[in-house]
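Just so it is clear, none of the values below were taken in a lab; they were calculated from the coordinates. The model shown is predicted, which means the values in this text are computed figures rather than measured ones. Quick reminder, even Gly has a Cβ in these numbers, built from the backbone with ideal geometry, and neighbours come from all protein chains shown.
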2 protein chains.
Amino acid sequence: MTEKSDCMQIPQMMDALGAAARTAAAQLALSSNAERNATLQSVAKLIRRRSEHIQAANQDDMRSATQKGLGAAMLDRLALDDARIEAMATGLEAIARLPDPVGRILAAWERPNGLQIQRVAVPLGVIGIIYESRPNVTADAAGLCLKSGNAVILRGGSESLRSNQVIYQCLHDGLSQAGIDPAAVQLVQTSDRDAVGYMLASMAGSIDVLIPRGGKGLVKRVQEEARIPVIGHLDGICHVYVHASADAAMAADIVVNAKMRRTGICGAAETLLVDRAAATGILPKILAALTDAGCTIKGDEDVQALFSPVEPASEEDWSTEYLDAVISCRIVDDIDQAIWHIGHYGSGHTESIVAGDAEAAAKFLAEVDSAIVLHNASTQFADGGEFGMGAEIGIATGRIHARGPVGAEQLTIYKYVVRGSGQVRP
Amino acid sequence: MTEKSDCMQIPQMMDALGAAARTAAAQLALSSNAERNATLQSVAKLIRRRSEHIQAANQDDMRSATQKGLGAAMLDRLALDDARIEAMATGLEAIARLPDPVGRILAAWERPNGLQIQRVAVPLGVIGIIYESRPNVTADAAGLCLKSGNAVILRGGSESLRSNQVIYQCLHDGLSQAGIDPAAVQLVQTSDRDAVGYMLASMAGSIDVLIPRGGKGLVKRVQEEARIPVIGHLDGICHVYVHASADAAMAADIVVNAKMRRTGICGAAETLLVDRAAATGILPKILAALTDAGCTIKGDEDVQALFSPVEPASEEDWSTEYLDAVISCRIVDDIDQAIWHIGHYGSGHTESIVAGDAEAAAKFLAEVDSAIVLHNASTQFADGGEFGMGAEIGIATGRIHARGPVGAEQLTIYKYVVRGSGQVRP
């Protein structure tokens, strides 16, 4: 298959792959939940059975990546061990256990003329996933697409191509075993970056929606160049706002968890806003807890005056996604200033208010225009699994089709089914 | 205001307009249904009160258009008389009576850790509408956007600019009267086509979704050039498929209605498919009824052999949207060939099966992948009003966010509101 990509031109190769996916999508859309679940279970078994083969390919990828001088963080993302391979398999089995997102009757009503109208969930069609180094995305993303009846075109990072090829083969064979056209999953088996450009600009006929998964650079490129609808998220500049009415211990627990539980995920808090009225009473306790947990504090002058050590925060800090043990902290005059700050510097991802006052909480939840708004809970709950949606393919920060965690349901759209008895329109 | 567009550069003018709409959208999103309805009612009153003023501006538009040699159909679309102005006003009042699409709880559940999660409908934000000659779109589209809490940037056809300006002034003043920032409705007051290019390519920060309304050329340009999500539809190549089990009289009624009730709407049938088994029994009756109604028949050789007069249909006919009293007709071997034909030549808009056999109907409804599929009913029901959704801004044939009639509900998205009591993520 690699040879194919070497000797064919990108447009021909990609068009062939797109056409195959489109044809398979039509069949897959009509498959039963049982058939799709059987596929996922077969793929999980194959991934377990071929674990050594996957790890051998991954070792090749790791060697090349090391030679190319990839950093430790990138290498860690690329690496597959027994535990990560088992996690791929159990992830697919968990997706198989999710309720069927296809065929749900989203609404049903009858018209005065007797027409029976139903809005019924159907797959989106063909989903293009463009992702970076983590090879587990190959299984996770394909699994969610298949569960929701979508064909998928996968374009992983060039550094993980060999790992992806083996995992892709498991997907392919699992589809075959379940009697579904294996063309429903396609892997772009070339590291030529033109393939990505072609997906973005020239495959509107064969890809219905693009989902980028990866760093800011990738997502930005996809959102700027794509001529196909994109479900993606740029930044996760998440805020915790501590209202004057907050319980001090609860505020400290939530802030420390929101920032420090895992600093590298998009739902990690990056900025702490605290009411001036709570600044002397609550803020030092929160900052001490953060410091104890190993977090660096950057703050405005008011914060620097209240606690030490605090590094000065620059204007840029308010719109920085640290993804690290660093938090920016600002004292605000009131809830309106907090809401303004979030609207101005935030990325529309996830924000939390800690407050005892119900009115303040209601105002925050209504007026903050982010995909997820929380009251008295950590921003780290911004996760499809934590929402009870099973797996997720990412958190959408765009404003159409889906916002927040994108799970199997969000990979569907609907059609209208109308049943009559001879009605004509007057 | 026209002077402004003459002396300012397009980018500055459009950016100013986008920024104003974005600011107004934030306020509008928090307005009450009562405030938005009061706006719509005020605008309706102003449109009635300023009817003469609107008609005077429209006369100017008509004169320029006549001088430019616009065709009769275009002139008819452009013209506003008492009845059309009254229809705009009553249309806005009808939109005001629709249920509030904002704030609907789309789903709600509790997690084992006690988190209460709600998916709540919120406005999309700022909607860009690019449309052609009909000036009534100015009121209709803005009305739906306002009802659903969205700010709107309107870019109408240059030939209707003066009519649009007066209607826009009614929208502006109606918003002011209701205490809502009038910047929530913006009209691009220049006929410079670069303004459209700028909207498509450079306003991703201030427009959340684009809705083109107009001919194929416009919609195609928008879908090809836009760097902003588009909700639109290209063609309405709608099919009626008459199954062997169809009742002959019902089939003739539905086909004649689907084709001839109004030939110029996107839900009008363009192709008739008839089972070979029903060809001699039913088809001549249908074709006679169509001919009696003034319809020209284009058919394959089988059809030509069965009925006269039938013009030969070319390959191109199967993918032609006549929007006229012409129908293409093909005899198919069975339902599978019919479904294949619709998938191959159709545009994913609206298709109907006429059948007595429940199994055939179920198969058709499940397997035809169009926005609207009907059983024993006319394709001309493809309409938001006929679906009971009130007004519509168009019929979407894309696959993300919305399919089928786009009404006030479809102009919303959602956010997640999560209520806790101090939960942190383990």
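Data overview
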{"read-out": "For chain B, built as a Gaussian network whose Cα springs stay under 10 Å, the top-fluctuating residue of B:78, B:28, B:411", "value": "B:78"}
{"read-out": "Relative exposure of B:320, B:397, A:66, B:296, judged by other C-beta atoms within 10 Å (fewest first)", "value": "A:66, B:296, B:320, B:397"}
{"read-out": "Cross-link reach list, aspartates and glutamates versus residue A:363, counting only Cα pairs under 16 Å and skipping chain neighbours closer than eight places", "value": "A:275, A:333, A:334, A:336, A:351"}
{"read-out": "Set A:45/A:68; A:45/A:415; A:415/B:216; B:68/B:147 screened for pairs whose C-alpha atoms are more than 27 Å apart", "value": "A:45/A:68; A:45/A:415; B:68/B:147"}
{"read-out": "Dipole magnitude of the stretch A:238-381 about its Cα centre (Cβ charges: Lys, Arg +1; Asp, Glu -1), debye to nearest 20", "value": "500"}
{"read-out": "Phi to ³J(HN,Hα) by Karplus 6.51 cos²θ - 1.76 cosθ + 1.60 over the stretch B:392-400, Hz, x for Gly, Pro", "value": "9, 9, x, 10, 8, 10, x, 10, 10"}
{"read-out": "Global form of chain B, assessed from the alpha-carbon gyration tensor, a/c cut-off 1.5", "value": "oblate"}
{"read-out": "Burial ordering of B:331, A:167, A:54, fewest other beta-carbon atoms within 10 Å first", "value": "B:331, A:54, A:167"}
{"read-out": "Aspartates and glutamates whose Cα lies under 13 Å from that of residue B:285, excluding same-chain neighbours fewer than 8 positions away", "value": "B:247, B:253"}
{"read-out": "CD proxy at 222 nm, helix term only [per DSSP H run n ≥ 4: -39500 (n - 2.57); per residue of the protein assembly as shown; nearest 500]", "value": "-13000 deg cm²/dmol"}
{"read-out": "For the protein assembly as shown, share of DSSP beta bridges that run antiparallel, in % to the nearest 5", "value": "25"}
{"read-out": "Chain B: relative contact order as a whole-number percent, Cα under 8 Å and 6+ apart", "value": "18"}
{"read-out": "Residues with amide H under 5 Å from that of residue B:396, placed H, sequence gap 5 or more", "value": "B:404, B:406"}
{"read-out": "The stretch B:238-381: proportion of alpha-carbon pairs further apart than 22 angstrom, %", "value": "25"}
{"read-out": "Pairwise label distance in nanometres, residue A:94 with residue B:49, each label 7 Å out on the Cα-Cβ vector", "value": "6.1"}
{"read-out": "Amide H contacts under 5 Å for residue B:329, placed H, 5+ residues apart", "value": "B:272, B:298, B:299, B:300"}
{"read-out": "Whole-angstrom gap from the stretch A:141-191 to the stretch A:256-326, using each part's C-alpha centre", "value": "42"}
{"read-out": "Calculated from backbone phi, Karplus (6.51, -1.76, 1.60) coupling profile of the stretch A:268-276 in Hz, x at Gly/Pro", "value": "5, 5, 10, 9, 10, 10, 10, 4, 4"}
{"read-out": "The stretch B:156-308, relative contact order [Cα under 8 Å, separation at least 6], %", "value": "15"}
{"read-out": "Residues with amide H under 5 Å from that of residue A:370, placed H, sequence gap 5 or more", "value": "none"}
{"read-out": "Cα-derived Rg to Rh of the stretch B:2-234, Kirkwood definition", "value": "1.00"}
{"read-out": "GNM result for chain A, Cα springs below 10 Å: residue of A:406, A:166, A:120 fluctuating most strongly", "value": "A:120"}
{"read-out": "Shortest-first nm distances, residue B:215 label point to equivalent points in other copies (7 Å, Cα→Cβ)", "value": "4.8"}
{"read-out": "Most mobile listed residue (A:125, A:69, A:214) in chain A, GNM with C-alpha springs under 10 Å", "value": "A:69"}
{"read-out": "Separation between Cα centres of the stretch B:91-106 and the stretch B:378-396, rounded to whole Å", "value": "16"}
{"read-out": "B:364, A:307 arranged by Cβ crowding within 10 Å, fewest neighbours leading", "value": "A:307, B:364"}
